[in-house]
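The structure appears below as structure tokens.
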Amino acid sequence: MPPKNGRNYVQLTDQELIHAIRLGDEPAFEAVFRHHYAPLCQYARTFLHDWDDAEEAVQAVFLAVWEKRDTLEITVSLKSYLYRSVHNRCLNRIRHLSVQSEHREQAAYEVEMYQSSAEAPMQSLIADELSDRLQVAIQRLPEQCRLIFSMSRFEEMKYQEIADQLGLSIKTVENQIGKALRILRTELADYLPLLMVLFLN
């Protein structure tokens with residue numbers, strides 16, 4: 001079926017298509033999308049193991065093209081531009097997943113340190129979302145509060161040891177630990193029952 005406005009976008013040159021998209025020509029954009037979407041997804045799939053991630057990368061590229069159409073500048077072929085954009089998007093996704101995985105593993109390890117019993121089934125309790133949010137919440141603690149909390153929970157130092165090492169009173173250490181727990185409970189209120197297990201044991 002020919003386009004409603006009578007234009008045959010398949011016959012247009014790359015520069016004509018780019019110009020049309022820059023002017024907000026939705027049928028031109030849709031024609032490019034339909035023509036390149038499937039092969040670009042296959043290409044993205046060679047980088048990303050998950051098909052949904054591959055499709056999301058391609059969709060993000062097309063979304064960026066449309067959102068930035070007013071300033072769109074392509075000096076290579078349209079095909080090369082799209083493949084290069086998908087390539088870069090996939091590499092960014094891989095880096096993101098790698099960092100996310102590292103943070104999740106680190107968070108799982110740190111949460112285990114909260115438990116007094118090595119037999120506690122921590123991995124069944126700690127969901128990915130909680131691990132990520134816990135990491136963020138700890139990083140948001142005031143500097144001294146975070147330091148004292150980490151020394152207590154991660155290094156398993158006694159209050160007196162922390163006080164001696166930092167030149168503080170035990171009362172100050174106790175107050176900072178209490179402050180940290182209050183902040184974390186507020187930041188992670190949705191997980192309060194689980195946090196009671198993690199922080200009060």
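The values are calculated or read from the model by the stated rules, or taken from the named source; none is laboratory data. This is a predicted model, so every value here is computed, not measured. All Cβ positions, glycine included, derive from the backbone under ideal geometry; neighbour counts span all protein chains shown. SASA here: full protein model, heavy atoms, side chains in, ligands and nucleic acids out. Shrake-Rupley method; radii C 1.70, N 1.55, O 1.52, S 1.80 Å.
Checked against the criterion of being modelled with pLDDT under 75, of a type in the set (F, W, Y), over 20 Å from L40 (Cα atoms) and assigned to a helix (DSSP H, G or I), the range 112-126 has no qualifying residue.
Contact map, the range 132-149: first residue within 11 Å of L188 (Cα to Cα) and part of a helix (DSSP H, G or I), second residue modelled with pLDDT of 85 or more and open to solvent by less than 80 Å² (accessible area, probe 1.4 Å), Cβ cut-off under 7 Å, separation 6 or more or different chains; pairs are I138/R146. Among the residues making up the range 13-47, those that are open to solvent by 90 Å² or more (accessible area, probe 1.4 Å) and under 17 Å from T71 (Cβ atoms) are Q15, H19, L23.
Summed over the range 153-163, the residues that are free of Cβ contacts under 8 Å to residues at least 40 places away in the same chain and either surrounded by fewer than 19 Cβ atoms within 10 Å (Cβ to Cβ) or aromatic (F, W, Y) (or both) give a count of 7.
E187 falls short on exactly one of the conditions (1) modelled with pLDDT of 75 or more; (2) open to solvent by less than 20 Å² (accessible area, probe 1.4 Å); (3) of a type outside the set (S, T, Y), and that condition is (2).
Residues in the range 71-96 that are touching a residue at least 24 places away in the same chain (Cβ under 8 Å) and not in a helix (DSSP H, G or I) were compared, and the one that is surrounded by the most Cβ atoms within 10 Å (Cβ to Cβ) is I74.
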